[in-house]
Amino acid sequence: MRWSQSLVVPLYALSVVSGVCAYDQVPMLRHPGPQHASLSARPWDERPSEDATGNLIFQALASLLQLGPNSKYKNGHSIVRASIPAGTLLYHGRPVKDLPTRDWIAFDPEHSHVFAAGPNGTLFTFMTTRPLQLLFFDGCSGNKFDGVVDTQDALFWGKVGYDPHDGYLGELARFEKMCDWAKQYGIDGIARMQIDFEMMYCNISNGALEVVSAVPLVATDGVIPPMPHKPAGESESAQPSPFSAKMVPPPKEPFPITRQPMVPPEGWRGSLPTTWTEVKHTGAWHNEGEVRIRVDPSTMVSFYDPALTSLFEGRRLNKRVDYRLTNISEEDIARVQEDVAEMVTRDPVSRSGVDWQGLARVIQDRFSDRLPFVRHLLHKDYSNASEQAVAVRRELLVSLLPYMGRDRVGTPEWYAQMADACASRYTAHLPMSQFTKQEHVLYNATKEVLHEICRVYTETWRDAFDVEEQNVKVAEQRLVKWREEFDALIEWLDWPVWMRCNPACGVDEFCTWPQGAFWESDRGLEPRCAPLGVIYI
């Protein structure tokens, strides 16, 4: 059975990363033979280059569907095939009672509440009757402005920064273009992320969504969104108010979103407090993953693919959080468009069966607490440098012990075999002959990440092996060197498992991530605990 169904576009927005080391990398070529050979032939102590992307691809793989990491790196670089299982509840809020034909669909009712504004605000609840077939765009791809839509515009319009002048940050035009593109592949829509996850669904009447309920909403102080398709007979008054014109271009300061007034139902007693910012809280439930969307990493097309060489220079000039597709060439866009067209028409069983997300999780589990602990020891105040170096040495031994042999101890060959075993243990026996094109990219990225982790560990172990025989001055010098190496490694990796509120939030708080959206009051890059029970956006 071929994978083809309609491409969905996300819910309308609320109102409309330098290490110490000089890294050198052998580029991960698109063709598996030479690429795998070149990586295997690399000296164990070779550093990745400044254009290395293995860490970026691995981080994107490990972060798929996690709200926290995708908020930090809001300009997504991945397009991946996804599905939603049958029997999944989905939601849609609108200011009228009519059932839409094409619109944004939410995964949590609180997200839909935002758009069910006014006296006729209605919350529709759907249940999927079959698996929905989608594309998922990572990053804050539902926030509709600047770099967050680069991947969508590159795929659907063939250029970055396209402005259709539709008055809604290109969102309505993007919706139409996406559905035209999706129709030829039988895709239902696309899934995206903003403060919560959403879909842009092309044909609500196609039988895949059963209406479970359609109820007037009690709390009605949301915003009125645009409507991609206006049902016959629907009044113009239900269309968005002129406040949307204020969003193009988006303001540089927090935008005071215009909300509709509360209209309590007849017979209501007591106060009617606002609940519309609860969407920020429900979105935080998915900081570590949205489980209702199922992605297939064997189809993950990445703009970090080293074959897309036109993007190298732009990344050299920017911080990681600011990476965009601005300088991508027409040839590289065409290559991505071809890759996406191939992967959406490919038989879903034509893949290796490797659990790439599981593999990324296992690798993170192995090193994600040990790396910060070594860094902690290296930054910790100490009175005896020799004792501190011995403490670090023990932690290196713990991590490298499974890869150490008993022959030729202390020789260059011993270190080389140790580093190679460490770097290749998880990948050496994978079924490469069955890989999809995208799996070759994931394979090489995983090898790149493991190579660098194991290089740092092994080089540091080589220094630490005889540190107990050295004087205090030598121990101090080595501690400084090791500190720089581990600081650079952790910054280079920047794994999602490290992206959380620390210390953990209290029972009266939730962990929220700023996304750089113009309606947000928080313009930072790190998560923080926000209070429950108050208006927060």
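The values are calculated or read from the model by the stated rules, or taken from the named source; none is laboratory data. What you see is a predicted model; the values in this text were computed from it and never measured. As a convention, Cβ positions derive from the backbone with ideal geometry for all residues, glycine included, and neighbour counts pool all protein chains shown.
Has segment 187-209 got at least one residue that is on the phi < 0 side of the Ramachandran plot and either modelled with pLDDT under 80 or not assigned by TED's automatic domain parsing to the domain that holds V80 (or both)? No, every residue in segment 187-209 fails to be on the phi < 0 side of the Ramachandran plot and either modelled with pLDDT under 80 or not assigned by TED's automatic domain parsing to the domain that holds V80 (or both).
Please work out which residue is modelled with the lowest pLDDT, limiting yourself to segment 516-535 and to residues that are touching an Asp or Glu at 6+ places or on another chain (Cβ under 9 Å) and assigned to a loop (DSSP other than H, G, I, E, B). Going through the qualifying residues, I end up with F518. Within segment 107-129, if we keep just the residues that are in a loop (DSSP other than H, G, I, E, B) and among the aromatic types (F, W, Y), the residue that is nearest to V321 (Cα to Cα) turns out to be F107.
If only residues of segment 353-372 that are of a type in the set (V, I, T) and touching a Ser or Thr at 6+ places or on another chain (Cβ under 9 Å) are counted, the one that is nearest to V295 (Cα to Cα) is V354.
Could you check, for segment 130-142, whether at least one of its residues is out of contact with any strand residue (DSSP E or B) (no Cβ under 7 Å at 6 or more places or on another chain) and assigned to a helix (DSSP H, G or I)? Scanning segment 130-142 turns up no residue that is out of contact with any strand residue (DSSP E or B) (no Cβ under 7 Å at 6 or more places or on another chain) and assigned to a helix (DSSP H, G or I). In the set F124, F145, F156, only one residue is among the aromatic types (F, W, Y) and touching a strand residue (DSSP E or B) at 6+ places or on another chain (Cβ under 8 Å); that residue is F124. Total residues in segment 75-103 satisfying the condition of being at pLDDT below 95 and out of contact with any His (no Cβ under 7 Å at 6 or more places or on another chain): the figure is 6. Criterion first (closer than 30 Å to R94 by Cβ, in a helix (DSSP H, G or I) and touching an Asp or Glu at 6+ places or on another chain (Cβ under 7 Å)) does T282 satisfy it? Judged against the criteria, T282 is a match.
Against the definition (modelled with pLDDT of 95 or more, crowded, with 18+ Cβ neighbours inside 10 Å, more than 24 Å from the chain's Cα centre (by Cα) and in a helix (DSSP H, G or I)), how does L359 come out, yes or no? Can you show your working first?
On the way: modelled with pLDDT of 95 or more: yes; crowded, with 18+ Cβ neighbours inside 10 Å: yes; more than 24 Å from the chain's Cα centre (by Cα): no; in a helix (DSSP H, G or I): yes.
In short, no.
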